[in-house]
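Q: I'd like to ask you about the structure that follows.
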Amino acid sequence: QLYRHTAISLEMLYSQKGARSNNVRYSPLDSTTLITKYGINLNYVEIPIMINYFDKPKSHFGLGMTNSRLIGSSETMSTLPQINLDFTKYPFKSDSYDIVACAQMHVWRGLFFNIRFQYALTPARTSSPPSLSRAQKQFNNLWTVRLMYLFI
(Lines give C-alpha, C1' and ligand atoms only; values in the text may rest on other atoms or scores of the structure.)
Protein backbone atom coordinates (compact mmCIF):
# COMPACT_ATOMS: atom_id res chain seq x y z
CA GLN A 1 0.00 0.00 0.00
CA LEU A 2 1.46 3.34 -1.08
CA TYR A 3 -0.95 5.66 0.60
CA ARG A 4 -4.21 5.32 2.52
CA HIS A 5 -6.41 4.69 -0.59
CA THR A 6 -3.83 3.55 -3.18
CA ALA A 7 -1.94 0.36 -3.88
CA ILE A 8 0.23 -1.13 -6.64
CA SER A 9 -0.82 -4.40 -8.29
CA LEU A 10 1.05 -6.81 -10.52
CA GLU A 11 -0.67 -9.49 -12.62
CA MET A 12 0.30 -12.20 -15.06
CA LEU A 13 -2.34 -12.88 -17.73
CA TYR A 14 -2.82 -15.03 -20.82
CA SER A 15 -4.70 -13.02 -23.46
CA GLN A 16 -6.08 -13.87 -26.87
CA LYS A 17 -6.43 -10.90 -29.19
CA GLY A 18 -7.29 -10.59 -32.84
CA ALA A 19 -9.85 -9.67 -35.44
CA ARG A 20 -12.31 -11.40 -37.70
CA SER A 21 -14.25 -10.10 -40.68
CA ASN A 22 -16.76 -11.79 -42.98
CA ASN A 23 -17.58 -8.54 -44.79
CA VAL A 24 -16.85 -8.83 -48.49
CA ARG A 25 -14.69 -5.98 -49.79
CA TYR A 26 -12.37 -5.16 -52.64
CA SER A 27 -8.63 -5.47 -52.16
CA PRO A 28 -7.03 -1.99 -51.99
CA LEU A 29 -4.30 -3.23 -54.33
CA ASP A 30 -6.54 -4.71 -57.03
CA SER A 31 -10.21 -3.81 -57.64
CA THR A 32 -10.84 -7.19 -59.32
CA THR A 33 -9.99 -9.17 -56.16
CA LEU A 34 -12.56 -9.61 -53.39
CA ILE A 35 -11.54 -10.34 -49.81
CA THR A 36 -14.33 -12.59 -48.49
CA LYS A 37 -12.94 -13.55 -45.04
CA TYR A 38 -10.07 -12.41 -42.88
CA GLY A 39 -8.91 -13.39 -39.41
CA ILE A 40 -6.05 -12.81 -36.98
CA ASN A 41 -5.46 -14.77 -33.76
CA LEU A 42 -2.73 -13.54 -31.41
CA ASN A 43 -1.78 -15.20 -28.10
CA TYR A 44 0.02 -13.12 -25.48
CA VAL A 45 1.41 -13.38 -21.97
CA GLU A 46 0.84 -10.00 -20.31
CA ILE A 47 2.27 -8.42 -17.18
CA PRO A 48 0.20 -5.36 -16.19
CA ILE A 49 1.51 -3.06 -13.46
CA MET A 50 -1.27 -0.88 -12.04
CA ILE A 51 -1.72 1.89 -9.49
CA ASN A 52 -5.14 1.39 -7.91
CA TYR A 53 -7.30 3.88 -6.04
CA PHE A 54 -9.82 2.40 -3.59
CA ASP A 55 -12.96 4.54 -3.22
CA LYS A 56 -14.93 1.95 -1.21
CA PRO A 57 -13.83 -1.17 0.61
CA LYS A 58 -12.75 -3.70 -2.05
CA SER A 59 -13.87 -1.60 -5.09
CA HIS A 60 -11.28 0.36 -7.03
CA PHE A 61 -10.11 2.15 -10.18
CA GLY A 62 -6.72 1.51 -11.74
CA LEU A 63 -4.31 2.97 -14.26
CA GLY A 64 -1.07 1.48 -15.48
CA MET A 65 0.97 -0.13 -18.23
CA THR A 66 1.39 -3.64 -19.52
CA ASN A 67 4.08 -5.46 -21.44
CA SER A 68 2.73 -8.21 -23.68
CA ARG A 69 4.87 -10.99 -25.14
CA LEU A 70 3.58 -12.76 -28.28
CA ILE A 71 3.68 -16.54 -27.83
CA GLY A 72 1.71 -17.59 -30.92
CA SER A 73 -0.15 -16.21 -33.92
CA SER A 74 -2.16 -17.28 -36.94
CA GLU A 75 -3.70 -15.40 -39.84
CA THR A 76 -6.16 -16.48 -42.53
CA MET A 77 -7.61 -14.81 -45.60
CA SER A 78 -10.01 -15.99 -48.33
CA THR A 79 -10.23 -14.15 -51.65
CA LEU A 80 -11.99 -14.40 -55.01
CA PRO A 81 -10.12 -15.25 -57.19
CA GLN A 82 -7.97 -17.22 -54.77
CA ILE A 83 -4.54 -15.67 -54.10
CA ASN A 84 -1.87 -17.30 -51.99
CA LEU A 85 -0.28 -14.84 -49.60
CA ASP A 86 2.80 -15.63 -47.53
CA PHE A 87 1.96 -14.03 -44.17
CA THR A 88 5.42 -14.90 -42.81
CA LYS A 89 6.75 -11.90 -44.79
CA TYR A 90 4.65 -9.68 -42.51
CA PRO A 91 5.50 -10.82 -38.97
CA PHE A 92 3.85 -9.58 -35.79
CA LYS A 93 6.10 -7.86 -33.26
CA SER A 94 7.12 -10.06 -30.34
CA ASP A 95 6.57 -7.33 -27.70
CA SER A 96 3.77 -4.83 -27.18
CA TYR A 97 3.31 -1.99 -24.67
CA ASP A 98 -0.14 -0.72 -23.70
CA ILE A 99 -1.76 1.78 -21.34
CA VAL A 100 -4.38 0.10 -19.14
CA ALA A 101 -7.36 1.63 -17.30
CA CYS A 102 -9.81 -0.43 -15.26
CA ALA A 103 -12.65 -0.31 -12.78
CA GLN A 104 -13.48 -3.15 -10.43
CA MET A 105 -16.62 -3.51 -8.35
CA HIS A 106 -17.05 -5.86 -5.42
CA VAL A 107 -20.16 -8.00 -6.05
CA TRP A 108 -20.25 -10.58 -3.26
CA ARG A 109 -17.66 -12.09 -0.92
CA GLY A 110 -14.61 -12.73 -3.17
CA LEU A 111 -16.54 -12.11 -6.43
CA PHE A 112 -15.66 -9.02 -8.49
CA PHE A 113 -16.88 -7.47 -11.76
CA ASN A 114 -14.06 -5.87 -13.77
CA ILE A 115 -14.02 -3.76 -16.93
CA ARG A 116 -10.70 -2.83 -18.55
CA PHE A 117 -9.55 -0.81 -21.56
CA GLN A 118 -6.15 -1.30 -23.17
CA TYR A 119 -4.71 1.24 -25.62
CA ALA A 120 -1.69 0.13 -27.63
CA LEU A 121 1.35 2.41 -27.58
CA THR A 122 3.24 0.18 -30.01
CA PRO A 123 1.88 -1.53 -33.14
CA ALA A 124 1.29 -5.29 -33.26
CA ARG A 125 2.70 -5.22 -36.79
CA THR A 126 4.58 -2.48 -38.68
CA SER A 127 3.95 -3.77 -42.21
CA SER A 128 0.83 -5.53 -43.44
CA PRO A 129 0.20 -7.20 -46.82
CA PRO A 130 -0.56 -4.51 -49.46
CA SER A 131 -3.38 -6.65 -50.89
CA LEU A 132 -5.09 -6.54 -47.48
CA SER A 133 -4.82 -2.92 -46.36
CA ARG A 134 -3.32 0.44 -47.27
CA ALA A 135 -2.53 1.01 -43.60
CA GLN A 136 0.84 -0.49 -42.74
CA LYS A 137 0.58 -0.49 -38.95
CA GLN A 138 -1.90 -2.62 -37.00
CA PHE A 139 -2.74 -1.99 -33.33
CA ASN A 140 -4.47 -3.95 -30.54
CA ASN A 141 -6.92 -1.68 -28.69
CA LEU A 142 -9.52 -3.54 -26.67
CA TRP A 143 -12.19 -3.64 -23.99
CA THR A 144 -12.27 -6.55 -21.57
CA VAL A 145 -15.11 -7.52 -19.24
CA ARG A 146 -14.50 -10.22 -16.69
CA LEU A 147 -16.02 -11.77 -13.62
CA MET A 148 -13.35 -12.95 -11.21
CA TYR A 149 -13.07 -14.56 -7.83
CA LEU A 150 -10.21 -13.50 -5.56
CA PHE A 151 -9.00 -15.74 -2.76
CA ILE A 152 -8.14 -13.17 -0.09
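The values are calculated or read from the model by the stated rules, or taken from the named source; none is laboratory data. Just so we're clear, the structure is a prediction, and the values are computed from it rather than from any experiment. When we count neighbours, we look across all protein chains shown, and the Cβ atoms used for this are built from the backbone with ideal geometry, even at glycine. Keep in mind that these areas ignore ligands, DNA and RNA; they rest on the heavy atoms of the full protein, side chains included. Shrake-Rupley method; radii C 1.70, N 1.55, O 1.52, S 1.80 Å.
Q: Could you give the dipole magnitude of the chain about its Cα centre, charging the beta-carbon of Lys and Arg +1 and that of Asp and Glu -1, in debye to the nearest 20?
A: Value, rounded to 20: 260 debye.
Q: Moving on. Compute the whole-percent fraction of alpha carbon pairs in the chain spaced more than 18 Å apart.
A: The proportion of pairs with Cα distances above 18 Å equals 64 percent.
Q: Continuing with the same structure: Give the separation of the Cα centroids, the range 60-123 to the range 16-32, in Å.
A: With the range 60-123 and the range 16-32 each reduced to a Cα centre, they are spaced 20 Å.
Q: Give, in nm to one decimal, the length gained when the segment between Arg20 and Tyr97 is fully stretched (0.36 nm per residue of separation minus the Cα-Cα distance).
A: Fully extending the segment from Arg20 to Tyr97 adds 25.5 nm.
Q: How large is the accessible surface per residue of the range 1-74, computed with a 1.4 Å probe and reported in Å² as a whole number?
A: On a per-residue basis, the range 1-74 sits at 67 Å².
Q: Dipole of the range 66-152, Cα-centred, from +1 at each Lys and Arg C-beta and -1 at each Asp and Glu C-beta, to the nearest 20 debye?
A: Approximately 140 debye in magnitude.
Q: So, in nm, how far is label Ile115 from label Ile51 when the simple model puts each one 7 Å beyond its Cα toward the Cβ?
A: The two pseudo-label positions are separated by 2.4 nm.
Q: Can you return the lysines within cross-link range of Lys137? Criterion is Cα-Cα under 28 Å, with same-chain partners fewer than 8 residues away left out.
A: Candidates past the 8-residue exclusion: Lys17, Lys37, Lys89, Lys93.
Q: At a Förster distance of 22 Å, what's the computed FRET efficiency of Leu13 paired with Trp108, Cβ-Cβ distance as r, to 0.05?
A: 0.40
Q: I'd like the trypsin sites (Lys or Arg not before Pro) in the range 79-129 restricted to DSSP loop residues with at most 10 other Cβ atoms within 10 Å, sorted by number.
A: For trypsin sites (Lys or Arg not before Pro) across the range 79-129 that sit outside H, G, I, E and B with at most 10 neighbouring Cβ atoms in 10 Å, the list reads Arg109.
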